[in-house]
Every structure is written in C-alpha cells, then in structure tokens.
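Taken together, the values in this text are just the output of simple stated rules run on the coordinates, not laboratory data. Nothing here was measured: the structure is a model prediction, and the numbers come from that model. Cβ placement follows ideal geometry from the backbone for every residue including glycine, while neighbour counts extend to all protein chains displayed.
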Amino acid sequence: MTDTATTTPSLNKFEKFKAEKDGLAIKAEIEKFASLGWEAMDETDRDHRLKWVGVFFRPVTPGKFMMRLRMPNGILTSHQMRVLAEVVQRYGEDGYADITTRQNIQLRGIRIEDLPDIFNKFEAVGLTSVQSGMDNVRNITGDPVAGLDADELFDTRELVQQIQDMITNNGAGNSEFTNLPRKFNIAITAGRDNSVHAEINDLAFVPAFKEGQGESERQFGFNILVGGFFSAKRCDAAIPLNAWVPPEDVVAVCRAILEVFRDRGLRANRQKSRLMWLIDEWGLDKFRLEVENRLGKSLISAAAKDEIDWEKRDHIGVYKQKQPGLNYVGLNVPVGRLFADDMFEIARLAEVYGSSEIRLTVEQNVIIPNIADTRLATFLTESLLERFKIEPNTLTRSLVSCTGAQFCNFALIETKNRALAMIKELESELTFTLPVRIHWTGCPNSCGQPQVADIGLMGTKVRKNGKTLEGVDIYMGGKVGKEAHLGTCVTKGIPCEDLQPVLRQLLIENFGARAKEAVISY
Ligand code: SRM
Ligand code: SF4
C-alpha cells in the first residue's frame, strides 16, 4: 500500500470515473461509439457516461438503449413529438415511449448506431437529452397548465426554460454542472394546487406574496423549499429555507444552490449524497449563509405563508383556459405508455385542433391546450380519445407506475402491465365515489413516488411456501396539493399473487368503494 493510499480518502467508483473523464466529454465520441457498436465500447462509457447525454444502457435489453429527453415544464411541440415518434417507429415492436413522473419522455429500443442521426434530428427541432441522467439536474418540472390557468399567480414557463438553459448551456451541455455529488431535482410552480409535488424536490419554488409597507405593496415571488428526496435508504419532504425570491432572482438562486451542492456536497457515500444530507451536516443556517455567499447578497426571509391552498387537480377532462374561447383537454394515458402511432396522432390532434403545443403531467398524462370552443365537439369525437380517455374509470384515472422489470435492472417486480391488469380487475368488481390515487414503483428507489399516493405499492421480494416471489410493501396516507405530506409503509411483503383481494379490502374500508351487485341471469 502506498502512502497516498493510506492518507487520501478513497473515492467511490462513481467519483473515480467522473474524475477520470467528465461525462459530458463523451458528446464528442458519439460517432465513434456508433461505428464501434455497443459490445465493443468501453464499459464505463457505455453503462455510465452515456447517461450524461441521456442515453441509458439497459442490461435487461442489451443493445436496445433508453433515451431520456428534457421537457422543461413538460411542454413540447407537435413537430418535436413527431420527431420522437419517427425515432421509435424505426424499432418496431421494441420501440415506444414512456411519459415519466417528471413530466418528461423516455424513448425505448434505441440502437447505438443511430445516435448521430437521432442527435441531429433532435437539434433540428430544439430537443435535447443532455444531462438528464446520473449526477445531473433532472427535468425541471412546472405547472402543466402554466399560462393557461386563470387562477395561476404567475406564468412560470419562461423561468423553467431559463433555469434549464443556465444548467445545460441552452441544451448544448454545460460542464459547470455535470459533476454534482448526486442527482438533483428542481420544481417551480405558481399555480395554487402544487401540481409539481414541490415537497419531493431537492429545490422547489412555491408561490408566495411578500407584504410591503402598504396594502398595494404586495409583491409576488416564491418561497423556497430544499432537500426533498426519495432514496432506497431514506425519504424526506423538502423543508423551508426561510427565503423568498422575486421571479427575477430565481435563476441566480438556482445557480447559487447548485454551486454550493457541487462544491460542498457530500461525495464519499452515494447513499448519503443528496442535498438533504449536506443540510443535515451543516444545519439550515449555515447552508443558507453559504447560498448567500454564492449569490453575493442576502436572501429575503420567507413570506409568512405560501399560496398553495387548493387540492391537487389531475387535469384530465375539458377545462376553460384564461384565454376566452379556448380550452385545454387532458387525456389519460394509462401508465404513460405511448406507441409511435399514438405519438403521431397526438401531434396531429395538437395541430388540427390546438396550437401545435402538447403538454405532459407528472401523472404521466397528456394535455392538448388551445382548442377553440368551436372545434371542441369535433375534437371529442376523435378515435384516440377512446384509448386516451377524458373520463376514465376512477382507478385508471390516477394510476401512476414506474418502468419496472421490463426494462429496469433495479426492479424487484414487473410494474406497468401488472398495475393495469390489477386495476382493470378491481374496477370490474367495485364502484367508487371518491378518487383514489394508486402509484406503483418497482423498487425502493421510488421513481413511481408511492409516498405521495393514497395507496403506494413498492416492489419487494417475498417468501411464500419456500419460494421467492414478487411482492409489494404497501404505503398509505400520501397527501398531495395543499398541506402535502408523505405517506408511510403500512404493510410489508404482500405477494403480488395475493394482492388483489388486499387492495379490494383497502378500497372498501378506506375509500368508500362498494362491491358491484352480482348480475343474476335467469
Ligand atoms: Fe428514477 C434511478 C426511472 C423518476 C429516484 N430511475 C432510475 C433509473 C435511471 C435506474 C436505471 O438506470 O435503470 C430508472 C430508469 C428505468 C428506465 O429504463 O426507465 C429510473 N425515474 C425513472 C422514471 C422513468 C420513472 C417513470 O417511469 O416515470 C422517472 C424519470 C424522471 C425523469 O424524467 O427524469 C424517474 N426517480 C424518479 C423519481 C420521482 C421524481 O423525481 O419525482 C425519483 C424519486 C425522487 C428523487 O429522486 O428524490 C427517482 N431513480 C431514483 C433513484 C433514487 C435516488 C437516490 O437518491 O437514491 C434512482 C437510483 C439512483 O439514482 O441511484 C433512480
Ligand atoms: Fe427502476 Fe426502481 Fe426506479 Fe422503478 S423505482 S424505475 S424499478 S429504479
């Protein structure tokens, strides 16, 4: 053992490979990888560094990669949707897309030899997948009806775009923020219903008025929350930073917080690297002071209360916009899965009936805005709405699911298809008077956010009759919207094969579901 080895704390594997070569450096090597092929690539480049450009090697489907885009505020154009559809269409049965729990799109079936062409196509329509995985800032979420909602307090779309542009250098990649200690989630909302789940982000901006001297001096801005996160070992809701910012300072505050996290965040143990661990170690006051030092000015103390005072909406159905004569229509996309034909069709509907704009929600659904009153009735007869309904059944309406075992090697269980099948069965047996939000997640990483659900199902392995089976831990009590708080685990280790009657009972006892009358035929 050398002297250096005894005196220098050893870097974990991730910190080591990041120090050897920045993830973003592989942007210049895409052509080379495409001609080499995935099997001949350096394994660290293939399995890890490619994630810096949003390309994920899938050990479950080797050779067929996943691509994670960035969709600031969950907004895209029909033109962009069509390009995404063209990309996955090429892969036939292997190719489709998933809407994610961060208002984003992931593509499936991608082959490495196609990457140069795909990146060219993306660039031509202003799409980017840069810095969407590993130790980077994830897609920045915003209110899905920003700019449409008559009750919003501020239109956050531009701010979300500015934050993304700062972090990614307008989508080209920004090495200032490509070596964070861990992933980082940002949300910003000025709606009244906390549609972004502010409380589960490392950094969130929620609407709040700061009172001035006189009545007329009420100024709009955001209270700041920090440190929210889920991980296999620990889940925490974000806590107030005791800071309020006017909209014009939001980007600078994001930068300051990211710089503190980048330069002072904990890197030794990846299970203890998210922002909250640094806040724990320093205390909130020191953290706030360090942010002020980076910002170059003092933060204003938080407004006494925020303006999140509504229950959370799901945006499924037809709603009037603040623009007279226009409507937005939310379509329920079961577990967020889109096939190429669906994507072409969504693009067409947005063009024919709307303004070519498409929006995504953190519930993995689609919104088509700007549909004129005069076109609405015809829009509602479109055949796509038979699959992506505006009045889906109660459980289908709020169903969310992470990727699960079909593509994710962390998964302990299959999720999306199982979730759909089970909900169908329950809906055939029960009637509902209340909405019930069920979230499935394939492992404790919690990508499907079981802690925000009325009923959260987290994949696990269970033993039954001497066999290891797929099972779930059940979470309950997640509250979203105003006064949001996280649900907790109430039952552990239910085998999936025994789950349906357990859910049935939970729905009857806790959510007022009733068994359908048996149909008697003579
Ligand atoms: Fe996630 C890792 C999918 C939202 C917490 N997540 C992964 C990976 C990349 C693991 C992998 O390489 O296989 C999954 C890719 C599977 C695949 O092929 O799709 C994955 N996460 C997802 C998505 C697609 C779930 C979905 O079906 O919607 C979501 C993509 C969001 C996006 O567009 O960027 C997704 N992941 C989340 C969320 C929810 C959120 O952000 O609101 C969380 C919990 C919140 C949080 O991060 O604090 C989440 N994902 C994780 C973690 C645990 C992080 C930690 O600190 O330990 C991991 C594992 C990791 O990073 O080590 C992870
Ligand atoms: Fe994969 Fe687990 Fe995330 Fe589901 S929760 S996508 S299984 S890492």
For labels at LYS424 and LEU376 in the simple 7 Å Cα→Cβ model, what's the distance in nm?
3.2 nm
Amide H contacts of GLY109 (H built 1.01 Å from N, under 5 Å, at least 5 apart or other chain):
PHE65
Centroid-to-centroid separation of segment 232-297 and segment 365-443 [C-alpha atoms, Å]:
35 Å
Charge dipole (segment 180-295, unit charges on Cβ, about Cα centre) - positive-most of GLY221, MET276, ALA232:
ALA232
For the pairs LYS18/LYS272; LYS320/LYS389; LYS13/LYS64; LYS183/LYS233; LYS272/LYS312; LYS389/LYS416, flag any whose C-alpha to C-alpha distance is greater than 21 Å.
LYS13/LYS64; LYS272/LYS312
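I need the calculated FRET efficiency for the pair ASN510 and SER35, taking r as the beta carbon distance and R₀ as 45 Å, to the nearest 0.05. Write down the numbers at each step before the final one.
On the way: r = 57 Å, r/R0 = 1.27.
Working from the Cβ atoms, E equals 0.20.
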Can you give the log10 of the normalised intensity I(q)/I(0) at q = 0.17, 0.19 Å⁻¹, computed with Debye over equal Cα scatterers of segment 12-97?
-0.84, -1.00
May I ask for the equivalent-ellipsoid semi-axes of segment 180-303, computed as the square root of five times each C-alpha gyration tensor eigenvalue and listed largest first in whole Å?
26, 16, 11
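Sorting check: for 350-357, 158-165, 441-448, which peptide has the highest mean count of neighbouring beta carbons within 10 Å, and how do the rest follow?
441-448, 158-165, 350-357
Taking every pair of Cα atoms in segment 293-439, average 1/r, invert it to obtain the Kirkwood radius, and report Rg/Rh to two decimals. Display every interim value, and only then the final one.
Numbers: Rg = 19.0 Å, Rh = 17.7 Å.
Using only Cα positions, Rg/Rh for segment 293-439 is 1.07.
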Helix-only mean residue ellipticity at 222 nm, the chain, DSSP H runs n ≥ 4 weighted -39,500 (n - 2.57), per residue, nearest 500. What is it?
-8000 deg cm²/dmol
Where the Cα pairs of the chain fall when distances are cut into 20 Å bins, in %
22, 56, 21, 1, 0
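Give the shape of segment 396-522 as rounded, prolate or oblate, defined through the alpha-carbon gyration tensor: a ≥ b ≥ c are the square roots of its eigenvalues, a/c under 1.5 means rounded, and otherwise the shape is prolate if a/b is larger than b/c and oblate if not. Present the calculation step by step, with values, prior to reporting the outcome.
On the way: a/c = 1.79, a/b = 1.22, b/c = 1.47.
The shape class here is oblate.
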What whole number of Å gives the distance from the Cα centroid of segment 66-115 to the Cα centroid of segment 143-202?
20 Å
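Write down the Kirkwood hydrodynamic radius of segment 392-466, to one decimal in angstroms, obtained as one divided by the mean of 1/r over all alpha carbon pairs.
On the way: mean 1/r = 0.0783 Å⁻¹.
For segment 392-466, the Kirkwood estimate is 12.8 Å.
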Two pseudo-spin positions, 7 Å from Cα along C-beta at GLU248 and at SER356, lie apart in nanometres by 3.3 nm
